[in-house]
Ligand code: TEU
């Protein structure tokens, strides 16, 4: 449709720059490395890259601690390299979406350095200070996402400051209009350089109301987002996606309803948090209960059906690898990776592929704490060991859920350094790169890469996929994820075995379908009793456009 925003046809691809491609042999990925892989990404068919931070940073949180929003970390390259990436990507119809991290800065940012040193500095009020720590149990007695208190005493200022993440990531005070204007000016500066939009880090936290102990979805959040949209985004045909761990089907439309002029969409995490331990959270993940997972996706498909827009993802740089968390990274690795791709990419919304997901890369499988680099993992190792947890138990949790699982270097080839680097990688390369790598998988017509490539192309070609109504079929089936998409007489039926055992489903006559498999373009039908091998996925398209 003419008024359809470009990002409703596009698929996003997340690049974690430190781990994607290293062009100078220092063991850390860089911008020039990404440029060298743009033809690969064009072949995959993605429409934009969500680039995790490459700004100046002391790298306490791998770039999510920014010390200069308008400079590039020399480990990744220069502003000229950034401009070249933007231009070379644009030549291939790929937009560069920057990671906007404005809930906090690095403590090395000049704003914080001046704020702590001079009580009369205009930057003091860019941050959140207290004379004394909060009283135990008081509303502002908050914890950091990375463990410990969210308040740390700064020896220079002689005051406590708020940090919802590492102590080296002081939270910005969004109640300060001067701060907000600085952020909008910086966003305009990047848009003028040609970026295609922003992924907004923990954007639900910028409306925080600390005296009342409110961190996410504070009273000023949506007014700030509308102010941001008017000041920086309006007039730009850009995409914005907010990271919103607190999103619910009720509040998500507030972010992405076009009439509200806020964001294009949000990342919601219900399919992640529903399967975490009440006490130990992600460190003790629960097995995936398929009817619960299906109900969550169906609820979100319905919630944003007519207003707002879904994002669709299994993984990112903070989450375990898709095939390890939701599929099977053993003998059925390829089949389960293809199944996960098909189930996700034929739903309504903008899909995001996390680097390596397109070849079925797996969790790292580290067996020692020394292999980890992630500040969150190392902090919780300290905390949980001090609380009496055994090393083995912690390592089991980390093997399942550490953010480093998704951060091991991209596996381009079976060769030394996996084609990622000629140097010593900053984080160990998964030994399975000898068989799990781009070169091998891309050459396999039945591989994971080719399935992603076809699905991405189908989305561009079929309004039925982009705008069709979603209906879950057999919601209670414990093995099969089946759903229908319909649009003006066209139908798409997706029936996937989500498990490593054979499964069968009897389709009701109304659900039966005769048409074409859009992935193979061969005639296909699904009716009555359907038997599926482990992770087998069937797709049938009928009606107008079914070829
Ligand atoms: O993540 C926000 C965030 O809450 C996650 O780190 C989450 O707490 C954790 O992964 C759950 O175990 C964003 C970025 O994606 C993350 O990489 C940053 O570390 C964090 O914000 C701070 O910028």
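Panel order for 467, 104, by other beta carbons found within 10 Å of each beta carbon, from fewest to most: 467, 104. Legend: Rg and Dmax of the chain, from Cα coordinates, 23.3, 75 Å. Each Cα pair of the range 112-266 feeds into the Kirkwood radius, which the Stokes-Einstein equation turns, at 4 °C and 1.567 mPa s, into a diffusion coefficient of 78 µm²/s. P(r) tail, the range 41-99: Cα-Cα pairs separated by more than 18 Å, 36% of all pairs. In the chain, the longest principal axis of the Cα atoms and the axis of helix 448-461 are about 90 degrees apart. Can you bin the range 1-128 into rounded, prolate or oblate? Criterion: square roots of the alpha carbon gyration tensor eigenvalues sorted a ≥ b ≥ c, rounded for a/c under 1.5, prolate for a/b above b/c, oblate for the rest. Oblate, since a/c reaches 1.5 and b/c is not below a/b.
Spin-label model, residue 24 to residue 156: label points 7 Å out along the Cα-to-beta-carbon direction sit 2.7 nm apart. Ordering 20, 470, 48 from the fewest to the most neighbouring beta carbons within 10 Å gives 470, 20, 48.
Out of the DSSP beta bridges found with both residues in the chain, what percent are antiparallel (nearest 5)? So the antiparallel bridges in the chain amount to around 65 percent. By other beta-carbon atoms within 10 Å, ranking 233, 280 with the fewest at the front produces 280, 233. Pairwise Cα separations in the range 206-345 fall into 10 Å bins from 0 onward with the following percentages, short to long: 10, 34, 33, 18, 5, 0. I need the calculated FRET efficiency for the pair residue 512 and residue 443, taking r as the beta carbon distance and R₀ as 35 Å, to the nearest 0.05. So the FRET efficiency works out to roughly 0.45.
So what's the range 86-181 giving for Cα Rg divided by 2.2 N^0.38 Å, two decimals? All intermediate terms of the calculation are to be shown ahead of the outcome.
Details: Rg = 16.6 Å, N = 96, 2.2 N^0.38 = 12.5 Å.
So the Cα radius of gyration is 1.33 times the expected 2.2 N^0.38 Å.
Show me the ranking of peptides 254-262, 58-66, 118-126 by mean Cβ neighbours inside 10 Å, starting with the highest. Working shown, then result.
On the way: 254-262: 17.6, 58-66: 22.0, 118-126: 14.7.
Packing proxy ranking, top to bottom: 58-66, 254-262, 118-126.
Helix 333-345 and the longest principal axis of the Cα set of the chain meet at an angle near 80°.
Pairwise Cα distances in the range 267-365 exceed 21 Å in 33 percent of cases.
Quick one: check the C-alpha center-to-center distance for the range 301-341 versus the range 30-93, whole angstrom. A separation of 24 Å, based on Cα centres.
Read the figures in this text as sums done on the coordinates, not as results from a lab. Quick caveat, the model's predicted, so the values are computed rather than measured. Note: ideal-geometry Cβ built from the backbone for every residue, glycine included; neighbour counts use all protein chains shown.
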